[in-house]
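Engineer: Before we start, here is the structure in question, set down as structure tokens.
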There are 2 protein chains.
Amino acid sequence: MAICYQATPVKPVVLRPTTTFKPVNSFRCNLSLPSKTLELSISEPEPVFSSVKTFAPATVANLGPGFDFLGCAVDGLGDSVSLSVDSSVHPGQISISHISGDPCSKLSRNPLWNCAGIAAIEVMKMLGIRSVGLSLSLHKGLPLGSGLGSSAASAAAAAVAVNEIFGGKLGSEELVLAGLKSEEKVSGYHADNVGPAIMGGFVLIRNYEPLDLKKLTFPGDKELYFVLVTPEFEAPTKKMRAALPLEIAMAHHVWNCSQAGALVASVLEGDLVGLGKALSGDKIVEPRRAPLIPGMEAVKKAAIEAGAFGCTISGAGPTAVAVIDCEERGEKIGEKMVEAFWNEGNLKAVALVTRLDRVGARLVDSNPR
Amino acid sequence: MAICYQATPVKPVVLRPTTTFKPVNSFRCNLSLPSKTLELSISEPEPVFSSVKTFAPATVANLGPGFDFLGCAVDGLGDSVSLSVDSSVHPGQISISHISGDPCSKLSRNPLWNCAGIAAIEVMKMLGIRSVGLSLSLHKGLPLGSGLGSSAASAAAAAVAVNEIFGGKLGSEELVLAGLKSEEKVSGYHADNVGPAIMGGFVLIRNYEPLDLKKLTFPGDKELYFVLVTPEFEAPTKKMRAALPLEIAMAHHVWNCSQAGALVASVLEGDLVGLGKALSGDKIVEPRRAPLIPGMEAVKKAAIEAGAFGCTISGAGPTAVAVIDCEERGEKIGEKMVEAFWNEGNLKAVALVTRLDRVGARLVDSNPR
């Protein structure tokens, strides 16, 4: 069992494992504290639950012209975290007791090398937890490397779990900061997955220094469905990032900026036709990445022909995402997209039709102390 | 008197001036017709007024990260057009009888070389006018080359005048298309001035092929003031455009796109702080253009220090535009900006505090037939 963290709320200290605690693999951490911690650390919060269970949704980042600054959460798919106060874990530390779900064998149980663990540690630091040990169990509902924010969902579920077990003292921006520490290690310092995974709905990343997020509220009286089609194909984020141009022609910049503006307006107004058009209108990123995913161009064409308002690559791929206003039509669009992946890309694929998740990472169960 | 246009509603024809009409300078036009004209031309509309007067507001284009696709109209400043049915003008033709206002001596009275004339001719073409001659008088309320959409205001006022005198049969997108024909000759095929000059408020240019405009409604219950400070300095659009980079680094592209998205969201939500922040956040265009306008960087700094939510260059300059929620504070900000132009740029400048114009080009007077 990997145990790695002792909170250092007032000043950084080097940990000295006590004689009562003998981890198999111990990891010492001496992480500098954000200023927020100092304010909060005057009184260390007590746990208000003995255990909690949280869920964080899958996310679609980039959204065509929203590359690297816009993402949204999708309902039904996601990761879960069960977290409990555990007297067998050294106070101020966390252990990962169990990982289940599809790709669990690939994931480390060392909290320092696990998305959920890193985010949980960050939240413990922010809260200044030094008297309570925690045990975390992660259930992966999302495949790795699918372009649906798998790492962000784990981080979000863990961050919210730690926050909730201690009474929910941190706000969503602080939880996103914790999630960002995790994303930084896995796929780069980008909040366009972990932002919506925690906050739900559409989230625009306005700035990183300091972090400045803007939640874009899609009108409550309108429906938005995503058709997510994931082929059996590996599209590593690094390779997909390397495909991007370093420099962009002014005309393409202006075009993508205008589509980004139109996308944001369409989200706020609930204009699905406008949203789809903008989503499909990226002239910078998608044209470089789509050819690296066999069949992607045909899949997009098939989606539009079948009535989708728009279609693009989800995150860095390989999942294709189309938008529509009706679940039934979404299923038909999904069939056509799966067919196109098979016919044009020689790839098996699965389709899922899901709604916009408007809530984000949340507590789904809790046990009082 | 310059007379140049005979509408050709069904098929293009070469004009043959008749013996009853002997212009001093005649200009023959054989312009291809847009498809819209064919639909409308089945029955040529009758004039519903003997004369009309219209007004079109000044506009602030670019708006920082909204470069080349976003603009808004500002109240109080603008151009006026008086248009009358004139039996002394050859049917289907238009003449410019009078130009008044500040820079009138620089403007041609040949309708083919005058912003108002070109737009008026386009609207006559769209409506298929061949039986009525028109006489146009232009009053310039806007200085040329100030970065406040002077040419667009003339075009917008003229386009709306012709449309209104024949009963207002064309929609705003068609009028913008007419205005674009004018802008194309003067400053390039950009609708970010003429769009808001005709439609009012904020207008996002989503596409040119075909023209696709999105009006962004700033909430009616909130106030938005612009502080417009125009120095005595010439900033030719061509020179300001030549200063732009041809290629843009990916990081700057993503940043500006995110600010454009935030700007659009702020407009729709009436979030003035967010609007100002985004307006000030351009990392691509303003950094290249500001050094070409003496004192501009100091003017921006002075505006922000005096409490403005944001500040940037209006259009291609030299006017600086700051945003604020209160007229009185706007006046103080204006004073500081004028001071900075003088102290740091050695330029005299005038300040004006004005509201968002939510209406756009409009009929202000009319006389029945």
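The values are calculated or read from the model by the stated rules, or taken from the named source; none is laboratory data. This structure is a prediction, so every number in the text was calculated from the model and none was measured. As a convention, Cβ positions derive from the backbone with ideal geometry for all residues, glycine included, and neighbour counts pool all protein chains shown. When the accessible area is computed, the model is the full protein with side chains, heavy atoms only, and any ligands, DNA or RNA have been set aside. Shrake-Rupley method; radii C 1.70, N 1.55, O 1.52, S 1.80 Å.
Engineer: How many nm separate the modelled label positions at residue B:367 and residue B:326, each set 7 Å beyond the Cα in the direction of the Cβ?
Structural biologist: Placing both labels 7 Å beyond Cα along the Cβ direction yields 4.7 nm.
Engineer: Quick one: helix A:327-345 against the long Cα principal axis of chain A, what's the angle to the nearest 10°, folded into 0 to 90?
Structural biologist: 80 degrees
Engineer: Follow-up. Where both residues lie in chain A, what percent of DSSP beta bridges are antiparallel, nearest 5?
Structural biologist: Roughly 85 percent of the DSSP beta bridges within chain A come out antiparallel.
Engineer: Within region B:125-139, whose backbone N sits under 20 Å from a point 7 Å along Cα→Cβ of residue B:48?
Structural biologist: So the set is B:125-135.
Engineer: From the label point of residue A:326, set 7 Å along Cα to the beta carbon, how far off in nm is each other copy's matching point, shortest first?
Structural biologist: Counterpart label points of residue A:326 in the remaining copies fall at 5.3 nm.
Engineer: If you average the C-alpha positions of region A:48-70 and of region A:151-167 separately, how far apart do those two centres end up, in angstrom?
Structural biologist: One Cα centre to the other: 11 Å.
Engineer: List, in order, the whole-Hz ³J(HN,Hα) value for each residue of region A:84-95 obtained from phi through the Karplus relation with A = 6.51, B = -1.76, C = 1.60 and θ = phi - 60°; use x for Gly and Pro.
Structural biologist: Listing the rounded values in order: 9, 5, 9, 5, 7, 9, 3, x, x, 10, 9, 10 Hz.
Engineer: Step through the residues of region A:267-279 one at a time and calculate ³J(HN,Hα) from phi using the Karplus curve (6.51 cos²θ - 1.76 cosθ + 1.60, θ = phi - 60°), rounding each to whole Hz and writing x for Gly and Pro.
Structural biologist: So the J values, rounded to whole Hz, are 4, 5, 8, x, 8, 5, 5, x, 4, x, 4, 5, 4.
Engineer: Would you rank B:115, A:72 by solvent-accessible area, highest first, keeping every protein chain in place and using a 1.4 Å probe?
Structural biologist: Order by accessible area, largest first: B:115, A:72.
Engineer: Let me ask you something else. Report the accessible area of residue B:221, computed with a 1.4 Å probe over the heavy atoms of all protein chains in place, in Å² rounded to the nearest 10.
Structural biologist: Only protein atoms counted, so the area is about 130 Å².
Engineer: In terms of solvent-accessible area of protein heavy atoms at a 1.4 angstrom probe, what is the ranking of A:217, A:59, highest value first?
Structural biologist: Heavy-atom accessible area, descending, gives A:217, A:59.
Engineer: Ignoring ligands, DNA and RNA and using a 1.4 Å probe, state the total buried accessible area between B and A in Å², rounded to the nearest 100.
Structural biologist: 2900 Å²
Engineer: For residue B:350, enumerate residues with amide H under 5 Å from its amide H, sequence gap 5+ or separate chain, H modeled in the peptide plane.
Structural biologist: Here the answer is B:230, since their amide H atoms fall under 5 Å of that of residue B:350.
Engineer: With a 1.4 Å probe and all protein chains in place, put A:253, B:139 in order of accessible area, largest first.
Structural biologist: Correct descending sequence by accessible area is B:139, A:253.
Engineer: Same structure, new question: State, to one decimal in nm and shortest first, how far the label point of residue B:239 sits from each corresponding label point in the other identical copies (label point: 7 angstrom along Cα-to-Cβ).
Structural biologist: 5.2
Engineer: Specify whether the C-alpha gyration tensor of region A:225-355 places it in the rounded, prolate or oblate class, a ≥ b ≥ c being the square roots of the eigenvalues: rounded for a/c under 1.5, otherwise prolate if a/b is larger than b/c and oblate if not.
Structural biologist: Oblate shape, in that a/c is at least 1.5 and b/c is the bigger or equal ratio.
Engineer: Return the average number of partner chain Cβ atoms within 10 angstrom of each residue Cβ along peptide B:62-75.
Structural biologist: 2
Engineer: Taking amide H positions as placed 1.01 Å from N in the peptide plane, with prolines and chain starts having none, which residues 5 or more places from residue A:68, or on another chain, fall under 5 Å of its amide H?
Structural biologist: Distant-sequence amide H within range of residue A:68: A:62.
Engineer: State whether chain B is rounded, prolate or oblate according to the following rule on the C-alpha gyration tensor (a ≥ b ≥ c being the square roots of its eigenvalues): a/c under 1.5 gives rounded; otherwise a/b larger than b/c gives prolate, and the remaining case gives oblate.
Structural biologist: Here chain B falls in the prolate category.
Engineer: Also: Which percent of the accessible area of the protein assembly as shown is formed by carbon and sulfur heavy atoms (probe 1.4 angstrom)?
Structural biologist: 52 percent
Engineer: Let me ask something additional. Scan region B:233-292 for GluC sites (Glu not before Pro) in coil per DSSP, keeping those whose Cβ has at most 13 other Cβ atoms within 10 Å, and list them by number.
Structural biologist: Counting only loop positions with at most 13 other Cβ atoms within 10 Å, the GluC sites (Glu not before Pro) in region B:233-292 are B:234.
Engineer: Right, here's the next one. One decimal, nm, shortest first: give the distances between the label point of residue A:220 and those of the same position in the other copies, each label point 7 Å from Cα along Cα→Cβ.
Structural biologist: 2.2
Engineer: Okay, next question. Averaged over B:150-158, how many beta carbons belonging to a partner chain fall within 10 Å of each residue's beta carbon?
Structural biologist: Partner Cβ neighbours, averaged per residue: 0.
Engineer: Any idea of residue B:214's accessible area? Nearest 10 Å², probe 1.4 Å.
Structural biologist: 20 Å²
Engineer: I would also like to ask the following. In region B:231-264, what residues drop by 50 Å² or more of accessible area when the other protein chains are put back, versus the chain on its own? Use 1.4 Å, and skip ligands and nucleic acids.
Structural biologist: SASA drop of 50 Å² or more in region B:231-264: B:247, B:248, B:250, B:253, B:254, B:257, B:258.
Engineer: Angle check, please: helix A:115-127 long axis (alpha carbons) against the longest principal axis of chain A (alpha carbons), in degrees 0 to 90, nearest 10.
Structural biologist: The angle comes out at about 50 degrees.
Engineer: Is there a simple number for the mean count of other chain Cβ atoms within 10 Å of the Cβ of residues in B:204-216, and what is it?
Structural biologist: Across the residues of B:204-216, the mean count of other-chain Cβ atoms within 10 Å is 4.
Engineer: Next question, about the same structure. Simple spin-label model, 7 Å along Cα-to-Cβ: residue B:98 to residue A:348 in nm?
Structural biologist: Modelled inter-label distance: 8.2 nm.
Engineer: Would you work out the charge dipole size for chain A about its Cα centre, treating the Cβ of every Lys and Arg as +1 and the Cβ of every Asp and Glu as -1, and quote it to the nearest 20 debye?
Structural biologist: I would put it at about 1140 debye.
Engineer: How many angstrom lie between the C-alpha centres of region B:312-327 and region A:281-351?
Structural biologist: The distance from the Cα centre of region B:312-327 to that of region A:281-351 comes to 43 Å.
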